[in-house]
Amino acid sequence: MKDKVNNFKTYLFWFANDHVDFRLSEIESIIDILKTCIKWVEKPSKKPYSIVDLPSDTIAREIAHRSVTLKHISELWVSSAEKEDLHSKLKEYSDKVLKNLINLRKASFKFNIEVFCNTQNYSEKIKKIESFNYLPFEGPVKLDNPDITLQYFEYYGVDPNNIPKKPYYLFFGKLIANSQRKIIHNLSLKKRTFIGNTSMDAELSLVMANHAKVCKGDVIYDPFVGSGSLLIAAAYFGGYVFGIDIDYQMIHGKTKPTRKQNRHIARKDENVLANMKQYGLEDQYIDILVGDSSLPLWRSDFKLDAIITDPPYGIREATERIGSNHIHKNNSQNENKETKFPSKVIYTFHQILYDLLYFSALHLKLGGRLVTWIPIYIHYNEHNYLPEHACFSLISNCEQILSRVVSRRLLTFEKIKEPSNEELKLCKIYNNNFREKYFNYKYNANISSSGEYQNSDSFPIEKNNL
Ligand SMILES: C[S@@+](CC[C@H](N)C(=O)[O-])C[C@H]1O[C@@H](n2cnc3c(N)ncnc32)[C@H](O)[C@@H]1O
């Protein structure tokens, strides 16, 4: 291993400018999938880049091939905070390394000049390209699919209201691989046959599948499947997918049509299987069942590789389960009457989380992952009150801000032990009363001009050990 580490090369990871909080955990999950090791020189942060030592170009390509938070990976030749220093380092690198690589020198090439958090016009771009004319490249310039893309980046910080006169940092290297961001476009909800009002967008669905470490042949389950967006991403990475939803109308495409402009009732082909066919993923599709996830119907020895889900928060969709609040009086008057059960009762979010962790502890393989969202009120430090279970370790906790006061967190748990009967129930869930807060907040909350709550005691956090 020591020798291997010595052969590592340094790479520049350049990220897309969204879902900043999800970068590190996505890359670390991919590293786990590839069963390789890396050395962070600079970990992902708010900056658009990170620097990593990797064992080979092949590993770099494989990481790029799985990631959607990345834009591309380059072999980093030189970097500096000063332009002159960057050029003198690059000249030295050219004399020592590039001049000896005859094939590289003869190859076709192009330059990619990027500035982050600033702009450049065409003539500035050309000037920058010309400033590298000491490099020993003799091959033809080829803008379309060249053998080598030389990458030059200027980083001007992340605050567009405070752009410095000169860049904070400069990087030069060679492109190794572009990421999989084109799939986001291919799987976009805009062009999907069947969507619902809570369909997860393609990018986050793919990020979730990466967090879940979905691999070819894995069996993946979504207990709150809705329009099946999470299953599409999991199937794309080779998982065999199935799910359950309590909403018969939704599953059978009998709800309002997917798109507003379609005034007729939903078409017959508006369902999850139609989506799978649209993307050529029908071979990965097991089935979708109408059912209640609080009443699992699986054999106890049935094992899953991952559970990926977005449970209902009770805001845009009902949180319900099969049950009855009715108290049956067992007297003679009622004996001959047909019993009528109200079909559904409220299924609170903390009950959902408890059932989800209980179910996952029972049915996930050891090392399998549960990837799920929880809604959070930003001003209550509720990120300190995350669910815990004796059989799971929390791998990551990534925030997506939804508004000034509400965010949701993507929690990734890994099963670390098979549960005993007692351990199955060893679960701590904090009832943050999200639904109540959301609706009370909308009508009652008093927000100062800075966006802070003024009545910050009005929703105390209750601790519930279910
Ligand atoms: C947030 S949506 C899921 C959206 C889905 N990820 C998608 O991309 O379309 C939550 C889903 O949970 C379903 N649901 C609510 N209670 C349920 C229960 N007890 N069992 C199964 N599904 C339930 C709702 O019908 C809804 O479709």
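Here are the numbers:
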| item | result |
| --- | --- |
| Residue among ASN397, ASN421 that alone is free of Cβ contacts under 8 Å to residues at least 24 places away in the same chain and within 28 Å of ILE315 (Cα to Cα) | ASN397 |
| Test: residue in segment 223-238 that is more than 8 Å from the ligand (Cβ to nearest atom) and part of a loop (DSSP other than H, G, I, E, B) | yes |
| Candidates ILE102, ILE63, ILE59, ILE38, filtered to the one that is under 17 Å from the mean Cα position of the chain (by Cα) and among the hydrophobic types (A, V, I, L, M, F, W, C) | ILE63 |
| For GLY139: the one exception among (1) open to solvent by less than 40 Å² (accessible area, probe 1.4 Å); (2) touching a helix residue (DSSP H, G or I) at 6+ places or on another chain (Cβ under 7 Å); (3) within 30 Å of PHE302 (Cα to Cα) | (3) |
| Test result for PHE194, surrounded by 13 or more Cβ atoms within 10 Å (Cβ to Cβ) and more than 16 Å from the ligand (Cβ to nearest atom) | no |
| Selection from segment 15-47 of residues that are among the acidic types (Asp, Glu) and open to solvent by less than 10 Å² (accessible area, probe 1.4 Å) | GLU26 |
| Set GLU154, GLU130: member being closer than 25 Å to SER50 by Cβ and without any contact (Cβ under 8 Å) to a residue 60 or more places away in the chain | GLU154 |
| Single residue of segment 363-386 satisfying the filter (open to solvent by less than 10 Å² (accessible area, probe 1.4 Å) and not in a strand (DSSP E or B)) that is nearest to THR309 (Cα to Cα) | HIS363 |
| Every residue from segment 293-313 that is open to solvent by 60 Å² or more (accessible area, probe 1.4 Å) and hydroxyl-bearing (Ser, Thr, Tyr) | SER300 |
| Tally, over segment 48-77, of residues that are in contact with a strand residue (DSSP E or B) (Cβ under 7 Å, 6 or more places away or on another chain) and either farther than 15 Å from TRP14 by Cα or crowded, with 19+ Cβ neighbours inside 10 Å (or both) | 16 |
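Per-residue answers, yes or no, for (1) touching a strand residue (DSSP E or B) at 6+ places or on another chain (Cβ under 6 Å); (2) within 12 Å of PHE153 (Cβ to Cβ); (3) assigned by TED's automatic domain parsing to the domain that holds LEU150; (4) open to solvent by 30 Å² or more (accessible area, probe 1.4 Å):
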| residue | (1), (2), (3), (4) |
| --- | --- |
| LYS83 | no, no, yes, yes |
| LEU86 | yes, yes, yes, no |
| SER94 | no, no, yes, no |
| ILE102 | no, no, yes, yes |
| PHE109 | yes, no, yes, no |
| ILE113 | yes, yes, yes, no |
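The values are calculated or read from the model by the stated rules, or taken from the named source; none is laboratory data. Bear in mind that the values here come from a model prediction, so they are computed numbers and not experimental data. Heads up, the Cβs are rebuilt from the backbone with ideal geometry, glycines too, and the neighbour counts pull from every protein chain shown. The area values use the complete protein model at the heavy-atom level, side chains included, leaving out ligands, DNA and RNA. Shrake-Rupley method; radii C 1.70, N 1.55, O 1.52, S 1.80 Å.
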